[in-house]
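Heads up: the structure comes next, in structure tokens.
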Amino acid sequence: MVSQQPEGGPSQPREQESQVESSASSRYKLPKRVGKRKALSVYPLQPESLQSFEHGFWSHQVALAEDDDEPMRPPHLPLARIRKLMKSDPSVHKVAADVPVVLARACEAFVAELTHRAWLSANEGPSPRKGIAKDDIVRAANQSNMYDFLIDVLPTPDAIQNQQSASRAEPRRTKSPTEAIDIPVDTQSGLDA
């Protein structure tokens, strides 16, 4: 006998989940396949604000992590290098096989999120740009407390402006073709070079 499910049965929550996923992914392009791998990240089409971007981005990252199609896809970062970095710490003796994979996935999410924040930073203002500059990454990292651990690594926005103004103020000195080639001159032999 075939049993009929009531109208408010188990199929209703699944429909609600698909509506939530479709609303979050409607503003974001789905990842394209690159060979056997999926693309690293999802590019926002037109985010209204940083908060809507964060919600949509992380809900999509969770959906990608829970994707059953490719549960064991190889990470985009080299696992041998991650393992070597982990073993560079003298207190680490053995590294389990799953740890570099998990760390690589976490690094992929970190890079994708910081890149998207920098992209949002580049697109705000009167003249949006398509490219991401160093100051966009610094501005994106400074906008969130989550990136406070990067304070020692990233330059301050003032240092970037000072560096840019100094490079504009001092024109580059171009060398003549003879100055560009450094030929040693033997002064003791009396021969002209």
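Within the set Pro31, Pro71, the sole residue that is farther than 30 Å from Gln143 by Cβ and modelled with pLDDT under 80 turns out to be Pro71. Restricting attention to region 90-104, the residues that are exposed (fewer than 14 other Cβ atoms within 10 Å of the Cβ) and touching a helix residue (DSSP H, G or I) at 6+ places or on another chain (Cβ under 6 Å) add up to 1. Per the listing Ser41, Ser88, Ser26, the residue uniquely modelled with pLDDT under 60, among the hydroxyl-bearing types (Ser, Thr, Tyr) and closer than 29 Å to Val138 by Cβ is Ser41.
Where helices (runs of 4 or more DSSP H) fall entirely within region 105-193, those with at least 3 residues that are modelled with pLDDT under 70 and exposed (fewer than 13 other Cβ atoms within 10 Å of the Cβ) are at 157-169, 177-180.
The values are calculated or read from the model by the stated rules, or taken from the named source; none is laboratory data. Everything quoted here is computed from the prediction, not taken from an experiment. Ideal geometry is used to build each Cβ from the backbone, glycine not excepted, and the neighbour counts take in all protein chains shown.
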